[in-house]
Amino acid sequence: MGKKFLIFFPFAVLSLSPTPLVAQSQETPKKVFQIPLEITSSYFVEKPKEEVPKKFPVKPSIRLSAGKVGLIYPKEVFVPHEKLKREGGFFSCGEPSDRELYTTALELFNKGDLKGAKEKFISLLYRYGSSPFTLKAKYYLGVIAFKGGEYERAYTIFKNLCQGEYPFSWKKFACYNAVISGLYIGRRDYQSASSHPFWKHFLLWLDGKEDGYSFYGKLNCQTLEVPYRNYCNYLKAFINPSQPPNGLSSDYLQSLKVREILLSLLSGRSVDPQKVKRYIRDPKWGIYLEYLYTYYLINWGYYENALGYIKDLYRKDRKKAVDLAKLLIVHRPELATRVLETISDPQVWEVYIKQLYNRGEYRAVLHYAPNLLLYRLAGYSAYLLGDYEKTALYLGRLRDKNETDERVLLDSLLRLKRWKEFSAELKKVGNKYPDLYREFLGWYYYYRGEWAKASALLKDTLYRAVAYFNLGAYQKVLALLRNDSSPTAKVLKAKALLALGNFDGAIARLSGLSTSEALYLKGIALFAKGNYREAAYYFEKLLHRTKKYPNALLRLADCYYNLREYEKAKRLYLKFIRLFPKDKNISDAYLGLINLYLATGDFSLVEYIYRIVERYPNLVSEEVKLKLAQAFAKNGQTQKALNLLNVLLRSKDPYIRGEALLTLAKLNPQKAEDYLKEVISIGLPELQSRAVINLAYYYLQKGEKEKAKRLLDKFADRVTQVDKLVELYIRLGEFKKLYYLLQELMAVDNSYTKVAFEVAKKYRRWEFYKLSLYSLDPKIAAISAYRLEIWALKRNDLRSALKYVLTLKVRKLKYEPIYSRAIFVIVEKLHKEGYISDACQLIKEINERYLNPSQRLKVETIKVDCER
C-alpha cells in the first residue's frame, strides 16, 4: 500500500478551491492529510495600544515671593505746628473775622478735635472764599481726611492744592500727600510724584518698573522732611533687612517684623509659631502671612496643622485656600476626603482625581471625573482599563481635542468597529493632523481586512507584513521582516515559511521561542516534515492549554495516527469531539475517526459518526459526510453510502457535489456516463480531470473508442493526470497527439523523455526517438541517437544520420558500446559513399574493443585508406 505525504498549500490555493482533508487514494490511507488552515488563512496581529500619559501634572502653581509683601504705605503726612494769636501777631494778613475763625479751627486741630476743626475750616472756606487762609484751611482739611481714612477726599484736596496756581509754603507737601493718598485708593499719581525724585522712583519700584537694588541705591532720605524721611528709612530697612531701623514708628517696626518672618519662611528657616499666630490674627498682615505659613507647614510635613489653617483661610480668601488645598492633596492624598469635606471646589477635585489617575486608580477616576466634566481623564482611564465604549463616549465629548485625544478616540472606535463614527472622526482630523489621518486610514483598512490598501498606507513593517501575509505574498513578508527579530516577527516569518513549504526554515525561525504559538508552529512544521514523534512532543506540551489551543489536541491525534498508534489517536479524537463539539475544526476530528476506520476496520467509529450525522445533520460538515459515504462505499455498505451521496448532490459547494457524483459513478455503473458528464460540466479543474479520465476508460471498457477519442479531443487540455492521459492515447492509438503531449511535458519535466523512449521502443514509433534524444540520461539519449541514425540510413538519408552521430560526439554521449557502434556505422557508410576524409576524421572516435571481429577488420581497411 502506497504512502501519501502531507502537503501544505498556499493560502491563494486554499481560498479558491476546497481541498480534501484526507488524501485521495483508492487504498487505505496511511497518513492524515491535515491542511493547517489556521497557518495559511487570515492572520491578524492586534494593533498596539496608543500611548496615553501615565501621569498628569498636579503640582499647583503657587507663586511665592517676599516681593513687597508686608509693605505698608506711609502712615504719616506733614502736619504744620502752627500757632496764631487772636489779634495781630505773626499771621495777621487777613481780615479779623476770617483770622479769628481760622485761629479757632487751628486751636481745635491742635487739641485733637478734628471734627470741630473740620467744621470751622469748612465754615471759613464757605464764608471767606477769597481769604488768604483758604489754602492752609484746605491743607488742614486734607490732613483731617487722611487721618480719618477718607483717602479719596484727602487725595482730591491734596491733588488740587498741588496743581493750584497760587503758591504757598506747604504746596510741595500737598504734592507728597497726593501721592500717598493716591496709594490708598489704588492710584499711582506720577504727576504729583514729580515734585521729588523719591516719590517718582518709589512709584516705579511699586509698579515693578524699577528693581529693588536700583531703588535702594537712589534712596537719599536726607533730602526729605520729617515724617517723609522716616518712611524713606523704613523702605531702606524693608529692602535691606540688614540695615537696622532707627527712630521708626510702631507701624513701620511691626511691618519689618512681619517682613522678617516672611523672609525666614521663604528661606526655609524655622519661625516661632506663636509669633506667627499673633500676626495672623491681625487682619493687616494675616491673609498672606497665613497663606505663606500654611504653604511651609505643608512642605515641612505638618499636614494636620496645615489643614486647620486652610479651613480658616477658606473663610478669608477662597482662592488662596483652594491653592493650598490642592497642594496638600498632592503631598498627602490620604487627607483628600477631609479636605474636600471643607473645600468642595472643582479645582481641588480635579487635583484629587489627577492624583487618583497618577496612582493608577482608574476605576475611581471613572467614578468621579465625568461628573466634573473631566472627560480627558475619564477617557484615558477607560482606555487603560480596556473599556473602549466609555473611552469613545468621554473623549467624544471633548471640545478641543489634541493629537493624543484623537489617537485614543480613533483607536477605540477602531477596536469597537464602529465604522460610521470612526469615518466621521477621521474626516475631522484630516486637515489638522494629516499624518494621523493617513496612519489611521491604514488601520481602518487593516481592521476591515482590505489588505492591499492597508499595506500601502501602514508604516510599521510588522503590520505591513501581516497585510502581505494575508494577501499570500509570503516572500514579501520575509523581505520586510528580514531584520526584525521580535517574537511576533519570528512567528509571522515562520508562518510564511510554512505556507511556502520551507519547514526547516520555519523551525529555524522559531528557535529560542517558547510561547504557546511557537510550540504549536514547531509541531506543525515537524508534522509537515513527517517527524511525527517530535511533533507530538510539542503538541503534548500544549495540552495544559487546550482551551486556547484546541488544535494542539487534534494535531496530536493526527501524529499518533501517522505513527500507527491508533488507540491513542482514537482516544484523542474522541476527547476533542467531547470537549469542543462546536469547534470550527470539529470536522477534522470526524475525518480522523473515518481514517482510523479505514486503517483499522474499527467499524464502530464509522457507525459512531453516522449516528451523529443522522441525529445532528447540520453539525457535521458536508466534507465529513462525503468521506463517510466514501468509507461506506469502500466497505460495501452501498445503501448507507447512497443515502449520504444523494443528500450531497444538493450541496451548493461544487467540489462536494462533484465528489459525490464521482463516487456515485463507481457505485452505479449504469448511470456512470451521466454522473461523469455532470462532473465535467461543473467545471472544477481537478474534478474535471478525473471525470474525463474515468469516462474515457468507461468508453474503452464498452469498446466505444470513437466516443473516447471525441471526449479527449474536447477535454484533453483539462486533464491534469497526464500519466493516465498518456496511457489513454496509447490505448487509442493516438500517437500523433501523444507526441505533441510529450513534447509539451518535456519542456517542464525531462523525465517524460523516458516515456517517449519506451513508446518508441515498444510500439516501434521511430519519431518518438526524436523526443527521447533530449533526455538527460546519457544511455537513453545515446540509444535514441543510434536508433535515429539507423532509421535515417534505412531511408538513405546520410545527412540526417551524420547529424545524429555528431549529436553524440558534441554532447559527449560516450555510452558504450552504443557510441562506438554508432560511429562505426556512419564511418562505414561514409567510406562506402566515398566521403573518405569525413570517415577518417570520425574513425578516431571508435573504441574497437566494442566491435565484433568483422567490424574491426573493416576499421583496419578504412585506416589503410586514410594513410594514403
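For helix 853-867, report the angle its Cα long axis makes with the longest principal axis of the Cα atoms of the chain; keep it between 0 and 90° and round to the nearest 10°. Helix 853-867 and the main axis of the chain meet at about 70 degrees. Straight-line reach only, C-alpha to C-alpha below 24 angstrom: list the lysines that Lys707 could link to, leaving out same-chain residues fewer than 8 apart. Result set, ordered by chain and number: Lys666, Lys671, Lys677, Lys724, Lys736, Lys737.
Estimated from the Cβ-Cβ distance and a Förster radius of 60 angstrom, the FRET efficiency linking Phe78 and Glu51 is about 0.30. Computed FRET efficiency, Cβ-Cβ of Asp653 and Gln855, R0 45 Å: what is it to the nearest 0.05? It comes to 0.05. Evaluating 6.51 cos²θ - 1.76 cosθ + 1.60 at θ = phi - 60° for every residue in the range 410-417, the Karplus couplings come out as 4, 4, 5, 4, 5, 5, 7, 6 Hz, glycine and proline recorded as x.
Distances between every pair of Cα atoms in the range 537-673, grouped in 10 Å steps from 0 to the bin holding the largest one, split as 12, 40, 31, 13, 3, 0 percent. Neighbours of Ala525, meaning other residues whose beta-carbon lies under 11 angstrom from its beta-carbon, give a summed charge of +2 when Lys and Arg score +1 and Asp and Glu score -1.
Over all pairs of different C-alpha atoms, the range 749-857 has a mean inverse distance whose reciprocal, the Kirkwood radius, equals 14.0 Å. I'd like the distance between the alpha-carbon centres of the range 579-615 and the range 513-532, rounded to an integer number of Å. Here the two parts' Cα centres lie 25 Å apart.
Give the cross-link partners of Lys832 among the aspartates and glutamates, using a straight C-alpha distance below 20 Å as the criterion and excluding same-chain residues fewer than 8 apart. Excluding near neighbours in sequence, the set is Glu789, Asp797, Glu845, Glu848, Glu860, Asp865, Glu867.
At the listed q of 0.14, 0.26, 0.32 Å⁻¹, the Debye profile of the range 576-616, built from one uniform point per Cα, gives log10 I(q)/I(0) equal to -0.29, -0.92, -1.12. Size descriptors for the range 651-736: radius of gyration and Dmax over Cα atoms are 12.4, 41 Å.
According to the Cα-based calculation, Rg over Rh for the range 218-304 is 1.07, with Rh computed by the Kirkwood formula. Divide the volume of the convex hull around the Cα atoms of the range 341-439 by the residue count and you get 97 Å³ per residue. Average accessible surface for the chain: 50 Å² per residue, computed with a 1.4 Å probe over protein heavy atoms with every protein chain in place.
Once Rg and the Kirkwood radius are both taken over the C-alpha atoms of the chain, their ratio Rg/Rh works out to 1.38. In terms of the mean number of neighbouring beta-carbon atoms within 10 Å, the peptides 335-341, 568-574 order highest first as 568-574, 335-341. Among the listed pairs Lys547/Lys568; Lys209/Lys277; Lys277/Lys316; Lys147/Lys171; Lys172/Lys257; Lys794/Lys829, those whose Cα-Cα separation exceeds 22 Å are Lys209/Lys277; Lys172/Lys257.
Measuring only protein heavy atoms, the 1.4 Å probe finds His331 accessible over about 60 Å².
Based on the Cα gyration tensor of the range 353-408, what are the three equivalent ellipsoid semi-axes, each the root of five times an eigenvalue, rounded to whole Å and given largest first?
Equivalent-ellipsoid dimensions as semi-axes: 16, 12, 10 Å.
The heavy atoms of Arg533 present about 130 square angstrom of accessible area, all protein chains included, probe 1.4 Å. Put Thr753, Thr156, Thr807 in order of accessible area, highest first, and with a 1.4 Å probe you get Thr156, Thr807, Thr753. For the range 697-794, the C-alpha radius of gyration divided by 2.2 N^0.38 Å, with N the number of residues, is 1.15.
For the range 491-534, the mean projected area of the C-alpha convex hull, equal to one quarter of the hull surface, is 2.6 nm². Start at zero, step by 10 Å, and the Cα-Cα distances of the range 814-868 spread as 26, 60, 13, 0 percent across the bins.
Between the alpha-carbon centres of the range 204-223 and the range 833-847 there is a gap of 129 Å. You can think of it this way: the chain between Asp460 and Asn635 has 57.4 nm of extra reach, that is 0.36 nm per residue less the Cα-Cα gap. Compared with the dominant Cα axis of the chain, that is its longest principal axis, helix 228-239 is turned about 30°. May I ask you to give the percent of accessible area on the chain that is carbon plus sulfur, with a probe radius of 1.4 Å? It is 50 percent, rounded to a whole number. Modelled spin labels at Tyr302 and Val864, positioned 7 Å past Cα toward Cβ, are 14.2 nm from each other.
Residue by residue, the range 528-540 carries 3J(HN,Hα) couplings of 5, 7, x, 8, 5, 5, 5, 4, 4, 4, 6, 5, 5 Hz when phi is fed to the Karplus relation 6.51 cos²θ - 1.76 cosθ + 1.60 (θ = phi - 60°); x denotes Gly or Pro. Given R0 = 35 Å, the distance between the Cβ atoms of Asp312 and Glu210 translates into a calculated FRET efficiency of 0.45. Straightening the chain between Thr720 and Ser516 buys 69.4 nm, computed as 0.36 nm per residue apart minus the Cα-Cα spacing. A probe of 1.4 angstrom, applied to the heavy atoms of all protein chains, finds Phe824 with accessible area near 10 square angstrom.
Taking only C-alpha pairs under 8 Å that are 6+ residues apart, what is the relative contact order of the chain in percent? It comes to 7 percent, rounded to a whole number.
Taking every alpha-carbon pair within the range 541-595, the share separated by more than 16 Å comes to 31 percent. In order along the range 748-764, the phi-based Karplus estimate (6.51 cos²θ - 1.76 cosθ + 1.60, θ = phi - 60°) of 3J(HN,Hα) comes to 9, 9, 5, 5, 6, 5, 5, 4, 4, 4, 5, 4, 4, 6, 6, 9, 6 Hz; Gly and Pro are listed as x.
Starting from the Cα of Lys319, move 7 Å in the Cα-to-Cβ direction to define the label point; list residues of the range 281-308 whose amide nitrogen is under 20 Å from there. Inside the label zone: 283-296. For the chain, the Cβ-based charge dipole about the Cα centre amounts to some 1540 debye (Lys, Arg positive; Asp, Glu negative; other atoms uncharged). Entry note, the chain: the mean residue ellipticity at 222 nm calculated from DSSP H runs of n ≥ 4, each adding -39500 (n - 2.57), is -20500 deg cm²/dmol after division by the residues and rounding to the nearest 500. Using Cα atoms only, what is the angle between the long axis of helix 778-794 and the major principal axis of the chain, expressed in degrees (0 to 90) to the nearest 10? For 778-794 against the chain, the angle is about 50 degrees. Extents of the range 132-274, taken as max minus min of Cα coordinates on every principal axis and listed largest first, are 59, 32, 27 Å.
The values are calculated or read from the model by the stated rules, or taken from the named source; none is laboratory data. Nothing here was measured: the structure is a model prediction, and the numbers come from that model. Virtual Cβ from ideal backbone geometry, glycine too; neighbours counted across all protein chains shown. In case anyone asks, the SASA skips ligands and DNA or RNA and just uses the protein heavy atoms, side chains included. Shrake-Rupley method; radii C 1.70, N 1.55, O 1.52, S 1.80 Å.
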